[in-house]
Every structure is written in C-alpha cells, then in structure tokens.
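The values are calculated or read from the model by the stated rules, or taken from the named source; none is laboratory data. Given the structure is predicted, the values throughout are model-derived calculations rather than measurements. Cβ atoms come from the backbone with ideal geometry, glycine included; neighbour counts cover every protein chain shown.
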Amino acid sequence: MRVSAIGCAALLLVAVGACGGRESGGEAGTAASGQCQGQQTTGITDKSIKLGGIYPLSGPASAYGDIPKGIKAYFDYVNAEKGGIGGRTVEFIVRDDGYQPPKAVEEARRLVEQDQVFALFQTLGTPSTTATWDYTNQRKVPQVFVATGASKWGTDGAHPWTIGWQPNYVSEARVYAQYLKAEKPSAKIAVLYQNDDFGKDLLGGFKKAIEGTQLTIVAEQSYEVTDPSIDPQMRNLAGSKAEVFLDITTPKFGSQALAADVRNTGWNPLHIINNVAASITVLKPVGFDNVQGVVSSSYYKDPNDPTWATDAEMTLYKQKVKQYAPGADPNIPYLTFGWAVANSFHKAMDAAKCPTREGLRDSVRDLRNVPIDMLLPGVTLSTGQGDAFPIESMQLMTFKGQRWELFGQVIDTRKEFGPLTG
Amino acid sequence: MTQVEDAGVDARPERRRPRWTPTGRRRAAVAALLAAALYAPFQLVPFHVFQLTMVLVYAVALLGLNLLVGHAGQISLGHGAFFAVGAYTAAVLTHGPGLPYPLTLPAAAVVAFLLGLAFGVPAVRLRGLYLALVTLAMAIFLVPLLKRFEGVTGGSMGLTLPKPGPPAWSGLAEDQWLYFLALAVAVASFALVGSLLRSRVGRALHALRDDEGAAEVMGVRLPAYKTLAFAWSAMFAGVAGCVYTWVIGFVSPDSFTVNLSITLLAGLVVGGLGSTAGPVLGALFVMFVPSIAQDLNEAAPGVILGLLIIAVMYVAPTGLAGLAGRLIRKIPRKE
C-alpha cells in the first residue's frame, strides 16, 4: 500500500515533467526591433498587454482585495470604451498571496515565467514586496506602483525596476510637521506608533521633519499588532499633558486610540490620526460627535465626500464601477485607490517612448506633473532624476459633522523639505 | 492482501520472484521516484522547479511532524515555530557573521533540536488537548518575539539574504542548484527517518503511540522517548526552515504565523499520518492545492480549500497515501 503511494507520486512527477520542456518558457522572451531594438517585449504586442498583480484576497489583510476590483473595473472600461491602452487590450491577472511573503514569491514567479506578464502591476504590502523585488529586478521585470508606503522603494538605488506610488510615510509625516510648524510652533507632542516598519518609518520621518524647530516630542509609546488593547499606552501618554497627539496606527488601533482619547476628559490634545486609519469605518464606532476636529491628511478623492458629488471624474468613476464591477460598492475608498492607480499606469504607459519593459521602467521615473483621475486637485505624479516617489503631496483634512473636510492648500513636501533620500 | 499477492507471485516463474516481493517493488518505486526527481529540473521551466523545491522543503518539515504525530502519537500545533527557528537561525547566521550557507544547515538542525528537547519536557507531563495548547502557544508567541529583537532578527522588516549560487563547475542555473540542494537534504532526511523507524527507536515510538501503558510495561522509557520524538521532529522542521531560507532568500515574522503550523498539520493529515509517502503527498497538497483552489474560484480561495480538505477526509480517512493504496488494491490482478 505504501509502495503504490510512492509509485503514484513518481508518476505525478513524471507527468509534471512531461508538461513542457525547460526551453519553452523561462528564459524565452521577445525583443523589440527598430528604434527600441533589443528591449524586452514579453507580454506586450500591438494588440494586447498582459499585467499581473499580487494581493491578499484571503487572510487577515483581505480587505485590500477591493483594490484589484477597482483596477479591473478601470481596465475593463478602457478596453471596452477607449480601445485599451494605446490600442492594446489590457489583460490583468490577479493572484492571491494571503499576505504571505513566500506565497508572493511563488506567485511572482508564476506570473513572470508561466503567464509571461509584461509587468507586475502592484504587489501589496511591504513584506510581500520586499520578498519579490530582488527577483523582479534580477529578471528585469517592471514592478510598478507597489501598494505600500515604505520609503525604501524610492530611496533604494539597487532596484531600478521597482517603484512605489502612494505618498510614502515619511512624506505624510512631513505634512503633519509642516502643519504644526505653522499652527502650533512650540507644541509638545505625544506619539503612539505601531512597532513595525510602517510606524517607525512615519515616526522617523516626523522626528527628522521637526529637527531645528520649537516642536518637541514629550512622550512616545509603541504597541504590537498582536496587542489586544492600547489602553495602558494611552494612559501613559495622557500623563504627559501634551497639546498634540500624533496617532500612528492601523484601523483597529486607530479606533481604540480615538475612543481612549474621548474617555479621558482630563486630556484634550489636538488629535492627528494618520491616513491609514482615517477611514469613516474607523471613526464610526467611536461616534461622530466624539471625533469632531480630529486632523488627518489625504491625496485622493473620498467617494463618500459630498464635495465631489458633481465632480466629473467622480461621476464617471461611480458610473463605470457600477457598470464593469457589478456587485462592488464604489463608495469603498480601496476601489477608488485602484481606479486612480490604474489610471496612473495608463498615463505612464502612454508616455513611454518604447512599448517595452525598459520603456515602462524609464517612463515611471520620468513623470512630469501628470494629472491623475481621482487624485485631489493639485496632487499630481512627479518623478525624475533622484526622485522616485510619484506622489509626495497631500492635503490636510479635519472631521466635521459626518465627514472629512479638506482645508488649506495641498502641501508639496518636495518644496518644503527637499528631496527624500535614504 | 498478502494472500492475493502471494498467489500472484506464485504464478510467476521461480527466478523472477525476488523482483516482485513487496520490498523489491518498494525499492523499484523509490528508484523510479528518485530518477524522476533527478530528471525533472532539466525538463521543467524554472517556475515549476521552484515549486518542486518548495514541495521538498515542506516534505522534510512534514517528515518531522509525521515522526511526532504519526509514529509517536503526540500532537503539535506549533511546528511552524520550529520551522521558523530553523529559517531564522540560517538567516541570522548568514546575515550577521556571514556564515557560508552549507554551515547554516547543521546550525539550524542543532538549534531546533535543542528547542525541541526543551519543549519535549512538557510533552512528558501533558497529553492530548493540553499538549496541543502548549504547542499552539509556542506558535503564537514566536511572531511577536521575532519582532522584538530588531538588531538580530531585523524586526518586522525581516532579513533579505543572498541565495546560494551554483558552483561554476556544475553548469546549473540558480533554481536547479537550489532544487538539488533541497533534494539532497530531503533524501538524506528520509533515509535517516527510515533507518530510525526500523530500529528499536521506531518500535518504541509505535508502542508509545498504540498504548502508553503497555509500552511502559514492555520496558519503553516513556519520558525519554517522548522528549526525543519532539526533539527529532523539531530538528527536521528546523532543517526544512533552513532550506526554505536558502530558497526564498527572505525571512520575516509574518511568514511564520500560526497559519503555517495549522497548514503543516492539515497537510500531513491529508497526506496520510504514519505512512512513508504521507509527507510527500502532504507537501504536494500544501504546495499545489491552494493555487488550484484559487483557479477554481478567485473570490473565495479559502472556502474552496476548506471544502477540498473536508472532501479528502471523507473519501480518504487515512489520507491520500491510504487512498492510493486502497485504489491500487481495487484494480483486479490479471494472474
């Protein structure tokens, strides 16, 4: 009985082996001729372009699974109504990594070697992207607009094929520092942060941004994602009597921090909550009455914000999502994010000098104030020599009534603080 | 079953008899499997070679788990932790002191073995669900623990490491070289466990599994064997973790959540507890079935995977290895 089982396994291996020769895939790629001679054209023809994305569709981070829905809706709309990107029909293959780095590596290899995609259009999360970027750069496959705010995608010089998209956490920290410098130039600040790359990136950026100012951090507390509650940290912070509370948390802890702030009537600081935890779903359980005046920042249009009710881009977005992604709710901001990032890919591909992998790599690093659908007015994509961060501008917002209200001007952190370097 | 086979064998000419004894057939099957395994990387695209490499990694981990759960009758819901310890040992030693990669293997094995030995102590006192809970706790606390010592483990950012490159004389590509490394480790591990189980230790473990009281009466020292079973089992998980680090070139705490421990245990049960082929079939299941589930339904891969596991358990309560055996027996013999 055991013998047979081993035999079956052997047969299976041989069967797998018979599926295709080593030469048929793997190294085989195609190259362009003419002015783009020798550049890679794997996954792209005159009529089509094949992209692969890796997202956590299952597991603890599966809420992000709405992003590829927004992207798919955009590409389906472009394919059906605009003749694709530059006449090329987009095929977007989505794979699930469950937020597991080894699974992301497997899926990246599957997309590149088996599906022969032109580029990886988004991997999600810092761990999964870190696990795959050596591979994509070794294979010279573009890994564009990765969905994570870590600053290393832009500061690292050894991975020219990988680039981020959203404002990195350091830029976001700079926005808050800029605001405080203007509004409360000598404030004492208490900070709560998540003890991981995200929290440290943001806090580190903030500390750097307030160097040489009157602003001081008087209390600092961290928590682990696995902690059940942050109440002890909040009690310690309250003891500092700081005037400003910088809340660097992910959604679950964002709710807890807001609630703890409300309960403590003896301490009423200006509460700044980072963009990651600024969604309405975080504020709602705390009660809208209790979070009036909380400050955060944003860079794309919130589909729930009535300011944009008659906005042409928003109307088109809502209409097309309903049409091409039936069953998806266009009011979920992750779909908006997907729509905007897909539009960015569209524009970057249009701007590419050569329809090749090299062309895309160079194009995403040479964007000059490209306006993107669904980004806030004044926020554009800009990259160039020594600047590999597409979005570095954000606008502040404050919670009023039942929604976030934007205020002030868009803050361009490049202008205020200079380029971000490692 | 023996009688049917004997009848079949008797019908053959006398001189061919040794070839078809169960051991002979077993050897032939193992040889065929090995030949296929040696041939595969020259035939497959790098992506498939990578997948098979991961199958070998999981197979070694499941081999260790099988020793503990299938042969010694203990339970571990925390084997992902030993796997992680092996992976991190290799990663930290490569990253910090810059140890050459072949040396990280014995190091990972030793560290995991010692940790297994330490965890074998509660195993002596606890049984069943209580033991399961202790091992589960280990898997749960490891992730935050790895995040704490940032200077050593790289914190939640993890560590990125260079992959072992193929030596120039071999003429192999990187993926092929990694595959052969994993294959060598897997073959050695299977041979080691095979000889272990055929020895006194194996008989003692089986006795322990079947009836602790009877085993003790027969002179099996329960505490020693229970602890050793844990240690051996952890060692193989650690070895698998080390090869994993070579292959992936990146470790982070989020790669080794409780989910990994549960997946390993599920893979082993699906593959076949206590059978030799179980770990291999279980590894194939762990590696390929989640992707197949995703191909079937993109929206809810987890649901499909769960249903598949339930289906397997209904059709094959003794795992895939048992199912394969049953199916072969159903094929009527010609003689």
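Could we say that B:GLY202 is modelled with pLDDT under 95, surrounded by 15 or more Cβ atoms within 10 Å (Cβ to Cβ) and small (Gly, Ala, Ser) here? Working first, answer last.
Numbers: modelled with pLDDT under 95: yes; surrounded by 15 or more Cβ atoms within 10 Å (Cβ to Cβ): yes; small (Gly, Ala, Ser): yes.
Against the criterion (modelled with pLDDT under 95, surrounded by 15 or more Cβ atoms within 10 Å (Cβ to Cβ) and small (Gly, Ala, Ser)), B:GLY202 qualifies.
Residue count for the range A:34-68 satisfying the condition of being surrounded by 22 or more Cβ atoms within 10 Å (Cβ to Cβ) and either within 30 Å of A:VAL225 (Cα to Cα) or free of Cβ contacts under 8 Å to residues at least 40 places away in the same chain (or both): 9.
Kindly indicate whether A:GLY83 is surrounded by fewer than 24 Cβ atoms within 10 Å (Cβ to Cβ), more than 10 Å from chain B (Cβ to nearest Cβ) and free of Cβ contacts under 8 Å to residues at least 24 places away in the same chain. Here the answer is yes, as A:GLY83 does meet what is asked. Among residues of the range A:271-286 that are buried (at least 20 other Cβ atoms within 10 Å of the Cβ), those with a beta-carbon under 8 Å from a residue that is charged (D, E, K, R) and in a strand (DSSP E or B) at least six positions away or on a different chain give the pairs A:ILE272/A:ASP247; A:ILE273/A:ASP247; A:ASN274/A:ASP247; A:ALA277/A:ASP247.
Residue by residue, here is whether (1) among the polar types (S, T, N, Q); (2) free of Cβ contacts under 8 Å to residues at least 24 places away in the same chain; (3) closer than 26 Å to A:THR41 by Cβ; (4) outside the structural domain of A:PRO306 (by TED's automatic domain parsing) holds:
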residue	(1), (2), (3), (4)
A:TYR334	no, no, no, no
A:GLU358	no, no, yes, no
A:GLN402	yes, no, no, yes
A:LEU406	no, no, no, yes
A:VAL410	no, no, no, yes
A:LEU420	no, no, no, yes
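Every residue, every condition in (1) within 30 Å of B:LYS163 (Cβ to Cβ); (2) more than 17 Å from the chain's Cα centre (by Cα); (3) modelled with pLDDT of 95 or more, yes or no:
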residue: A:TRP133; (1), (2), (3): yes, no, no
residue: A:GLN138; (1), (2), (3): yes, yes, no
residue: A:THR148; (1), (2), (3): yes, no, no
residue: A:GLY157; (1), (2), (3): yes, yes, no
residue: A:ALA182; (1), (2), (3): no, yes, no
residue: A:ASN195; (1), (2), (3): yes, yes, no
residue: A:ASP201; (1), (2), (3): yes, no, no
residue: A:LYS207; (1), (2), (3): no, yes, yes
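Note on the range A:192-217: residues that are crowded, with 17+ Cβ neighbours inside 10 Å, of a type in the set (D, E, K, R) and either part of a helix (DSSP H, G or I) or away from chain B (no Cβ under 14 Å) (or both) total 3.
Quick check, is B:TRP169 away from chain A (no Cβ under 11 Å) and in contact with a helix residue (DSSP H, G or I) (Cβ under 7 Å, 6 or more places away or on another chain)? Step through it out loud before you land on a result.
Numbers: away from chain A (no Cβ under 11 Å): yes; in contact with a helix residue (DSSP H, G or I) (Cβ under 7 Å, 6 or more places away or on another chain): no.
The answer is no for B:TRP169.
Residues in the range B:41-77 that are free of Cβ contacts under 8 Å to residues at least 24 places away in the same chain and surrounded by fewer than 21 Cβ atoms within 10 Å (Cβ to Cβ): B:GLN43, B:PHE47. Only one entry in B:PRO253, B:PRO279 is touching a residue at least 60 places away in the same chain (Cβ under 8 Å) and facing chain A (nearest Cβ under 9 Å), namely B:PRO253.
Check B:PHE236, B:PHE230 and return the single one that is within 16 Å of the chain's Cα centre (by Cα), surrounded by 17 or more Cβ atoms within 10 Å (Cβ to Cβ), more than 30 Å from B:PRO166 (Cβ to Cβ) and away from chain A (no Cβ under 14 Å). Full working, then the answer.
Working: B:PHE236 fails: more than 30 Å from B:PRO166 (Cβ to Cβ).
Just one listed residue meets the conditions, B:PHE230.
Quick check on my filter: what residues within the range A:137-154 are out of contact with any strand residue (DSSP E or B) (no Cβ under 8 Å at 6 or more places or on another chain) and farther than 23 Å from A:ILE217 by Cβ? Those that are out of contact with any strand residue (DSSP E or B) (no Cβ under 8 Å at 6 or more places or on another chain) and farther than 23 Å from A:ILE217 by Cβ: A:GLN138, A:ARG139, A:LYS152.
Those helices (runs of 4 or more DSSP H) of the range A:63-181 in which at least 2 residues are among the aliphatic types (A, V, I, L, M) and in the same structural domain as A:TYR334 (by TED's automatic domain parsing), considering only elements entirely within it, cover A:66-81, A:101-109.
If only residues of the range A:379-407 that are assigned to a loop (DSSP other than H, G, I, E, B) and in contact with a Leu (Cβ under 8 Å, 6 or more places away or on another chain) are counted, the one that is surrounded by the fewest Cβ atoms within 10 Å (Cβ to Cβ) is A:SER382.
Across the range B:72-130, the number of residues qualifying as under 29 Å from B:GLY202 (Cβ atoms), out of contact with any helix residue (DSSP H, G or I) (no Cβ under 7 Å at 6 or more places or on another chain) and part of a loop (DSSP other than H, G, I, E, B) comes to 1.
Restricting the range A:299-316 to residues that are within 22 Å of the chain's Cα centre (by Cα) and outside any helix (DSSP H, G or I) leaves a set whose member that is farthest from A:GLY338 (Cα to Cα) is A:ASP305.
Of these, B:ALA108, B:ALA90, B:ALA112, which one is under 21 Å from A:ASP134 (Cα atoms), hydrophobic (A, V, I, L, M, F, W, C) and in contact (Cβ under 8 Å) with a residue 60 or more places away in the chain?
Values: B:ALA108 fails: under 21 Å from A:ASP134 (Cα atoms); B:ALA112 fails: under 21 Å from A:ASP134 (Cα atoms).
Within the list B:ALA108, B:ALA90, B:ALA112, the selection yields B:ALA90.
Could you grab me the full set of residues in the range A:218-234 that are under 15 Å from A:TRP267 (Cα atoms) and either touching a helix residue (DSSP H, G or I) at 6+ places or on another chain (Cβ under 8 Å) or assigned to a loop (DSSP other than H, G, I, E, B) (or both)? Result: A:ALA219, A:ASP231, A:MET234.
Conditions (1) at negative phi; (2) surrounded by 24 or more Cβ atoms within 10 Å (Cβ to Cβ); (3) more than 9 Å from chain B (Cβ to nearest Cβ); (4) among the β-branched types (Val, Ile, Thr), marked per residue:
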{"residue": "A:ARG88", "(1), (2), (3), (4)": "yes, no, yes, no"}
{"residue": "A:GLU91", "(1), (2), (3), (4)": "yes, no, yes, no"}
{"residue": "A:GLY98", "(1), (2), (3), (4)": "no, no, no, no"}
{"residue": "A:VAL112", "(1), (2), (3), (4)": "yes, yes, no, yes"}
{"residue": "A:ALA119", "(1), (2), (3), (4)": "yes, yes, yes, no"}
{"residue": "A:LEU124", "(1), (2), (3), (4)": "yes, no, yes, no"}
{"residue": "A:PHE145", "(1), (2), (3), (4)": "no, yes, yes, no"}
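When restricted to residues that are closer than 15 Å to B:PRO317 by Cβ, over 10 Å from the mean Cα position of the chain (by Cα) and buried (at least 24 other Cβ atoms within 10 Å of the Cβ), the range B:271-280 contains 3. All of (1) within 25 Å of the chain's Cα centre (by Cα); (2) of a type outside the set (Phe, Trp, Tyr); (3) buried (at least 23 other Cβ atoms within 10 Å of the Cβ) hold for A:ILE189 with one exception: (1). Of the residues making up the range B:282-305, those that are surrounded by fewer than 22 Cβ atoms within 10 Å (Cβ to Cβ) and more than 11 Å from every other protein chain (Cβ to nearest Cβ) are B:VAL289, B:ILE292, B:LEU296.
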